[in-house]
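Colleague: Starting off with a structure, shown below.
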Amino acid sequence: MIIDRFEGDNAVVETDGGMIVINVSELPENAREGDVLTLENGRYAVDCKASEERRRKASDRLRKLFER
């Protein structure tokens, strides 16, 4: 699950099955757009390692795009 965007008190989250809406009160305070979420014991958590890896890959793709 990946946080796509925030809309007011809700987060729009991309899942394998489509988009879902989660109230921000259910997310960790440090959650931000682009973060990878896991669901552990009924609570959402940010997977910091996976989130950073996604950001690094996106940055690398942009860098390669503009190097051409």
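The values are calculated or read from the model by the stated rules, or taken from the named source; none is laboratory data. Source: prediction; values computed, not measured. Cβ coordinates were reconstructed from backbone atoms using ideal geometry, including for glycine residues, and neighbour counts include every protein chain displayed. Calculation scope for accessible area: heavy atoms of the full protein, side chains included, ligands and nucleic acids excluded. Shrake-Rupley method; radii C 1.70, N 1.55, O 1.52, S 1.80 Å.
Colleague: Would you mind stating whether Glu67 is out of contact with any Cys (no Cβ under 6 Å at 6 or more places or on another chain) and either exposed (fewer than 13 other Cβ atoms within 10 Å of the Cβ) or hydroxyl-bearing (Ser, Thr, Tyr) (or both)?
Modeller: For Glu67, the condition - out of contact with any Cys (no Cβ under 6 Å at 6 or more places or on another chain) and either exposed (fewer than 13 other Cβ atoms within 10 Å of the Cβ) or hydroxyl-bearing (Ser, Thr, Tyr) (or both) - is met.
Colleague: Another one. Kindly list the number of the only condition in (1) open to solvent by 60 Å² or more (accessible area, probe 1.4 Å); (2) at pLDDT 95 or above; (3) in a loop (DSSP other than H, G, I, E, B) that fails for Asp4.
Modeller: Going through (1) open to solvent by 60 Å² or more (accessible area, probe 1.4 Å); (2) at pLDDT 95 or above; (3) in a loop (DSSP other than H, G, I, E, B) one by one, Asp4 breaks only (3).
Colleague: All but one of (1) open to solvent by less than 60 Å² (accessible area, probe 1.4 Å); (2) touching a helix residue (DSSP H, G or I) at 6+ places or on another chain (Cβ under 9 Å) hold for Arg43, so report the exception by its number.
Modeller: So Arg43 meets the others, but not (1).
Colleague: Give Asn30, Asn41 a once-over and let me know the one that is touching a strand residue (DSSP E or B) at 6+ places or on another chain (Cβ under 8 Å) and polar (S, T, N, Q).
Modeller: Of the residues listed, the single one that is touching a strand residue (DSSP E or B) at 6+ places or on another chain (Cβ under 8 Å) and polar (S, T, N, Q) is Asn30.
Colleague: Give the residue, chosen from Asp60, Asp16, that is without any contact (Cβ under 8 Å) to a residue 24 or more places away in the chain and more than 11 Å from Met1 (Cα to Cα). So that I can check it myself, show each step before the final result.
Modeller: Working: Asp16 fails: more than 11 Å from Met1 (Cα to Cα).
Result of the check over Asp60, Asp16: Asp60.
Colleague: For region 13-26, enumerate the residues that are surrounded by 10 or more Cβ atoms within 10 Å (Cβ to Cβ), assigned to a strand (DSSP E or B) and not aliphatic (A, V, I, L, M).
Modeller: Matches in region 13-26: Glu14, Thr15, Asn23.
Colleague: Here is a further query. Could you run through region 20-68 and say how many residues are at pLDDT below 95 and among the aromatic types (Phe, Trp, Tyr)?
Modeller: Count: 1.
Conditions tested, residue by residue: (1) in a helix (DSSP H, G or I); (2) hydroxyl-bearing (Ser, Thr, Tyr); (3) loosely packed, with under 10 Cβ neighbours inside 10 Å.
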residue: Pro28; (1), (2), (3): no, no, no
residue: Ala31; (1), (2), (3): no, no, no
residue: Gly34; (1), (2), (3): no, no, no
residue: Thr38; (1), (2), (3): no, yes, no
residue: Ala50; (1), (2), (3): yes, no, no
residue: Arg54; (1), (2), (3): yes, no, no
residue: Ser59; (1), (2), (3): yes, yes, no
